[in-house]
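First the structure, in the form of structure tokens, and then the observations on it.
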């Protein structure tokens, strides 16, 4: 956040438009508050700051004036237990730098075949962003 403030100062000094930097500062400010809320012990003050930041963001960037992110706040505890998270990390996150055998078979071979058939049979199921991007999703499976 300090670097964004510095960027804003530099943009003003160089007579550059600061609107995008201001927008980035608002957006990243909400993300920084959310990170603080998530990783620190519960504090009602941070929760209230998040709610206030969301209201200020929506007021500053109304729906039709600029493309903005949708900010949805949900302060309920997650229903995922620690055992499931530990299992997911154990089996889905690589521990060693080399690919494991299962990742090669499932992650690359089977998914590349599935993508190939999906692309041929139902091209509309592939998101437009993936179809129209410069590199394309095909590059991942080659």
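Points worth noting:
- Residues that are surrounded by 16 or more Cβ atoms within 10 Å (Cβ to Cβ) and touching a residue at least 24 places away in the same chain (Cβ under 8 Å), drawn from the range 28-53: 29, 30, 53
- Residue 59 part of a helix (DSSP H, G or I) and surrounded by fewer than 13 Cβ atoms within 10 Å (Cβ to Cβ): yes
- Some residue of the range 121-136 being closer than 30 Å to residue 1 by Cα and either modelled with pLDDT under 80 or surrounded by fewer than 10 Cβ atoms within 10 Å (Cβ to Cβ) (or both): yes
- Look at (1) part of a helix (DSSP H, G or I); (2) at pLDDT 80 or above; (3) loosely packed, with under 10 Cβ neighbours inside 10 Å and you find that residue 23 fails only one, number (3).
- Total residues in the range 59-70, condition within 23 Å of residue 47 (Cα to Cα) and at pLDDT below 80: 3
The values are calculated or read from the model by the stated rules, or taken from the named source; none is laboratory data. Keep in mind that what you see is a predicted model, and the values were worked out from it rather than measured. Don't worry about glycine lacking a Cβ; one is built from the backbone with ideal geometry, like all the others, and counts go over all protein chains shown.
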